[in-house]
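Structure below; questions to follow.
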4 protein chains.
Amino acid sequence: MDVIDKLASIFKDFPGIGERQARRFVYFLMSRTPAYATNLSELVLELKKEVAQCHECFRFFIRKKAVTSSSELCEICADAGTDPATLLVVEKDSDLESVKKSRTYHGKYFILGGLVPIVEKTTKQRIRIEELKKKISREKKSGLEEIILAFSISPQGDHTDTYVREELESLVKSLGIKVSSLGKGLSTGTELEYSDNDTLRNALKNRQ
Amino acid sequence: MDVIDKLASIFKDFPGIGERQARRFVYFLMSRTPAYATNLSELVLELKKEVAQCHECFRFFIRKKAVTSSSELCEICADAGTDPATLLVVEKDSDLESVKKSRTYHGKYFILGGLVPIVEKTTKQRIRIEELKKKISREKKSGLEEIILAFSISPQGDHTDTYVREELESLVKSLGIKVSSLGKGLSTGTELEYSDNDTLRNALKNRQ
Amino acid sequence: MDVIDKLASIFKDFPGIGERQARRFVYFLMSRTPAYATNLSELVLELKKEVAQCHECFRFFIRKKAVTSSSELCEICADAGTDPATLLVVEKDSDLESVKKSRTYHGKYFILGGLVPIVEKTTKQRIRIEELKKKISREKKSGLEEIILAFSISPQGDHTDTYVREELESLVKSLGIKVSSLGKGLSTGTELEYSDNDTLRNALKNRQ
Amino acid sequence: MDVIDKLASIFKDFPGIGERQARRFVYFLMSRTPAYATNLSELVLELKKEVAQCHECFRFFIRKKAVTSSSELCEICADAGTDPATLLVVEKDSDLESVKKSRTYHGKYFILGGLVPIVEKTTKQRIRIEELKKKISREKKSGLEEIILAFSISPQGDHTDTYVREELESLVKSLGIKVSSLGKGLSTGTELEYSDNDTLRNALKNRQ
């Protein structure tokens, strides 16, 4: 394997990139100036140096330069203005970024780190269910009232919703915290005529 | 215009059919046997003869052979088992067929006959708002408790929802009938990461 | 099966139409005026009455009103201006219409009536190979010099090309008629980078 | 601009990547291990160090480790087995890789470095037309007999073909070298019915 193959095999890991496009990326880099490659190489190292994982929500974020490394809190968890009453549990970083960008939610977040496969033995090693329980216990003291489960509407998302609710059941009962899930129904652009049965059922059940 | 052009121009009216496919339909018919064409021609006439518009829900339906023509009621409106407590108001026949097929709703229907364009002067001539009011007054006596507005999630669908609610306001108030709309939120297959802001807002608002 | 099912099953035969769209066609017809249905029904019968199959090229065409039924010749075969030196052999009517519309060819046509499946025992019953041989013998007297095989570039199209060449071999040799096939190479919009190997090979071989 | 924005803006330059996917790439990198980032960073530098541009065909390639830096020849130009009789002129590196991979061509290559825009004053600064002329003069001594122009079938590709032919006209005449272009016609998967007029015209003209 020469350097072209090695780089192509890394780019193939990138989200949405196949073998062919991975190789085009390498040829693209070959045709750039040395300065371009150096810049990319250095930015990747800089990203690695500046990235930290928030020890509260498990989100990856860029450390503010001036801040000492001891405080590994992302800017949402560190923000005193964040509403402590709700905790939105999502699968992954890009879900959090998407909700944050929509400016429709102002509470806290927790990144579960994955969905629970429907047939799966070793679940606990893959998602942060124990970390979530500890987070809930801590947040209770800060005023947490409701946990909002926000997973994709798919068999695996539904399965994860059920799994997390069961795992949290006794804890939230003892703490008096509510658990909810994102509302299901018609989404923007949905035409009634082409809706699937589950969506119609949810839209009817959740009418208001 | 010869017969090919004339037929192509009719097929071009069919839902989802463009100029090119319309002509392919004609060439397809030309290559079929005479029996095939005769069969199609006769079925179209038969459809025309057997189709009726239900004078209760305004749906088009096929008359049962034995039934005298005086009773122009579709099988849903004629069915004593249909739940009289809810009336689902949809835009068009294919919306009704889709909900019916999903077996998620067991009440009555009303076909409005269109959506209300956002800039529109002559709305009343285009949708059956007066017929809807009369229908509601009649159905009240049969036990109607709730009107469910079921329009597509689009600017025009939302506008129609608002328009119909305003038009019905005093009537439903005086009759003590509730008006609801289909629930909005995440629909099947929606990924959180790619949801638009409106859908996220609705999914959060309608969490449960 | 009621009339809706029967009509839907006919529309499902139409090129490119599936079950769902076939039913939408029927609902569309149900919502049209009786005059619309009558018009469609009559045009289908008129098409059937006016359509004829050219006994020279086997194309379906619309008979000119004034012409007596004895002369079953399409307007291309009947046109004294059609170049008798070339005969373009195509699979089906829509191929002929497409070439005719392009105004790039001015000779005679022959519709083979299908392609030859790669594994097939009863080929002769399905394509007009015997009719083609008779046509060639007749056309020789009118000045035929070249037969152009014009099939799609696919395994079945290539197989048909080979099959027809073999079948015609001794006849065209004895008559001194040339057999050619449409040129292969890069087609409009082809980008070199995304070309398949066969196309590149043909483009290189047929460079000029 | 923080490091996330800076990296995203570099990834946005990558072929086929938009703003959204560029940011996903950055979030993807943030979630990888430090070793992953270091590996990527180092491979990009290694690529930059090992890449060279062939001074014969202008292709970018990876230098063989053992070779001294003085010999900047790619492995095709350095290969004594490469057929010296033909020179394939392509727009860009990925076109060359595609033809090479197809194993349908065994001669030499020349990368022009771009296409000639239809309205363009300063062409010579953008494509390597002078370098091509020098290359042809050199290759004549090695046995060059034919230059094959291999551009995409598009208005700009056709324009470049014409432009290069005009520029080379007197030179190739004096040297007795032939200029050809890739063959045009039906390409793999083309259906006759859906072919555009230019493709049909070329397929008829280039029949054989």
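Just for segment C:116-167: of the residues that are assigned to a loop (DSSP other than H, G, I, E, B) and at pLDDT below 90, which one is farthest from residue C:95 (Cα to Cα)?
C:121
Quick one: would you say residue A:50 is modelled with pLDDT under 95, touching a helix residue (DSSP H, G or I) at 6+ places or on another chain (Cβ under 7 Å) and of a type outside the set (S, T, N, Q)?
So residue A:50 fits the description; yes.
A further question on this structure: Quick check on segment D:112-134. Is at least one of its residues surrounded by 16 or more Cβ atoms within 10 Å (Cβ to Cβ) and within 30 Å of residue C:162 (Cα to Cα)?
The answer is no; no qualifying residue exists.
Any residue that is more than 17 Å from the chain's Cα centre (by Cα) and over 27 Å from residue B:197 (Cα atoms) - is there at least one of those in segment A:111-118?
The answer is yes, given that some residue of segment A:111-118 is more than 17 Å from the chain's Cα centre (by Cα) and over 27 Å from residue B:197 (Cα atoms).
Can you tell me which residues in segment D:5-57 are hydroxyl-bearing (Ser, Thr, Tyr) and within 29 Å of the chain's Cα centre (by Cα)?
D:9, D:41
Return the residues of segment D:162-208 that are away from chain C (no Cβ under 11 Å) and either surrounded by 21 or more Cβ atoms within 10 Å (Cβ to Cβ) or on the phi > 0 side of the Ramachandran plot (or both); say none if nothing qualifies.
D:164, D:176
Mind listing just one residue for me: the one in segment D:40-56 that is within 7 Å of chain A (Cβ to nearest Cβ) and within 30 Å of residue A:58 (Cβ to Cβ) and, of those, surrounded by the most Cβ atoms within 10 Å (Cβ to Cβ)?
D:44
Could you please find all residues in segment C:91-110 being among the polar types (S, T, N, Q) and not in a loop (DSSP other than H, G, I, E, B)?
Selection gives C:94, C:98, C:102.
Please tell me if residue B:88 is within 13 Å of the chain's Cα centre (by Cα), in a loop (DSSP other than H, G, I, E, B) and aliphatic (A, V, I, L, M).
Criteria not met by residue B:88.
Additional query: Before we move on, is residue D:34 surrounded by fewer than 19 Cβ atoms within 10 Å (Cβ to Cβ) and in contact (Cβ under 8 Å) with a residue 40 or more places away in the chain?
no
Going by the structure shown, is residue C:132 over 18 Å from residue D:196 (Cα atoms), in contact (Cβ under 8 Å) with a residue 40 or more places away in the chain and more than 7 Å from every other protein chain (Cβ to nearest Cβ)?
Yes.
Next question. Quick one: would you say residue C:141 is free of Cβ contacts under 8 Å to residues at least 24 places away in the same chain and more than 24 Å from residue D:184 (Cβ to Cβ)?
Yes, satisfied.
Residues C:148, C:153: which one is touching a residue at least 60 places away in the same chain (Cβ under 8 Å) and either surrounded by fewer than 17 Cβ atoms within 10 Å (Cβ to Cβ) or within 14 Å of chain D (Cβ to nearest Cβ) (or both)?
It is C:148.
The values are calculated or read from the model by the stated rules, or taken from the named source; none is laboratory data. All figures in this text were calculated on a predicted structure; none of them were measured in a lab. Counting neighbours? That spans all protein chains shown, and the Cβs are built from the backbone with ideal geometry, glycine included.
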